[in-house]
Amino acid sequence: MNNTVQKYRNILERKKGQRAQLKKQIRVTNKKLTDLKQSLEDNLAAQAIIFDQAKKTQEQLEYHLSDIVSKAMSSVFENPYELKLKFTGKGGKIAVEMYFTKNENIYGLKQGIGGGTRNIASLALRLSVWTLKMPRTRPVIFLDEPLHFLKGENLPERGATMIKEISKTIGLQIIMVSHDPDLIAGADKIFNIVKKKKVSRVQK
C-alpha cells in the first residue's frame, strides 16, 4: 500500500514539474510573441517613414531635374517642350520614366521632336544630375559638340547664352569642343585647335 502511494506521489511530482516547465515555456513563447508583434509594428512604422521620405525625395528630384531642363529649353525656344519624370516601383526597385509634353500632348524621348530639343534637354539633364552628386566631382565638365543639332535662326546663339548662364548658376566650368561660330563666340575663352602631321595642337 505504501509503495503504491509513493508511486503515485512520484508521478504527481513529475507532473507538477512538467506543468511548471510548460508554464515557463508558455511565458517565454508569449514574451517572444509580444516582441515579434512590437517588432512588426516598428517595421511597419519604419516602412511608412521610408515610403514617405522616398516619395518626398522623388518629388524633389522630379522638380529639380524637370525644372532645370524646362528652364533651359524655355531660354532657347519660344514654345518649348517640358521634360516630365514619372517614378514607378516594381520588384522592390524604383525606375523613372522621362517624356516631353507640349500643348497638352505627350512625346517619347525618341519621337520626332527635333534634335536640337534633345540636345538642350540632354545637356541640361547632365548638368542638373551633376548638382545632385554627393560629394561632387571637380567643377569641370568636358562636352563635345553638345548642341550639334541646334540649327536655325538665333538658336545656336541662345544655346550658347543658356550654357553660360547655367555654368555661372551652378558653379561649373564647361570646356566645350565646337565648330559652330555662334557657340564659339559665346565662350569666355577660345582655343583654336589645328592638326598638323596627324598631331592636334593649340594654335598660337
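A few notes on this one:
- In this simple spin-label approximation, Val194 and Lys133 carry label points 7 Å from Cα along the Cα→Cβ vector, and these lie 3.5 nm apart.
- Residues in the stretch 32-39 carry Karplus couplings, in order, of 4, 5, 4, 5, 5, 4, 5, 5 Hz; the curve used is 6.51 cos²θ - 1.76 cosθ + 1.60 with θ = phi - 60°, and Gly or Pro positions show x.
- Rel. contact order, % - alpha carbon contacts under 8 angstrom, at least six apart, the chain: 13
- Principal semi-axes in Å for the stretch 50-202 [√(5λ), Cα gyration tensor, largest first]: 31, 20, 14
- A protection proxy built from the mean count of other Cβ atoms within 10 Å ranks the segments 69-79, 177-187, most packed first, as 69-79, 177-187.
- Between the C-alpha center of the stretch 82-129 and that of the stretch 1-75 there is a gap of 42 Å.
- Using a simple spin-label model with pseudo-atoms 7 Å out from Cα toward Cβ, Asp67 and Gln203 lie 4.3 nm apart.
- Cβ-based exposure ranking for Ile26, Ile141, Ile163, in which fewest neighbours within 10 Å come first: Ile26, Ile141, Ile163
- Order of Met176, Met134, Met98 under a 10 Å beta carbon neighbour criterion, fewest first: Met134, Met98, Met176
- Take the Cα of Glu153, go 7 Å toward its beta carbon, and the backbone nitrogen atoms of the stretch 63-93 under 18 Å from that spot belong to 70-82.
- Proxy reagent accessibility, fewest Cβ within 10 Å first, across Ile170, Ile106: Ile106, Ile170
- Once the Cα atoms are used to define both axes, helix 115-132 deviates from the longest principal axis of the chain by about 50 degrees.
None of the figures in this text is laboratory data; all of them are computed from the coordinates on show. These numbers were taken from a predicted model, which means no experiment stands behind them. For neighbour counting, all protein chains shown are included, and Cβ atoms are generated from backbone atoms with ideal geometry for every residue, glycine included.
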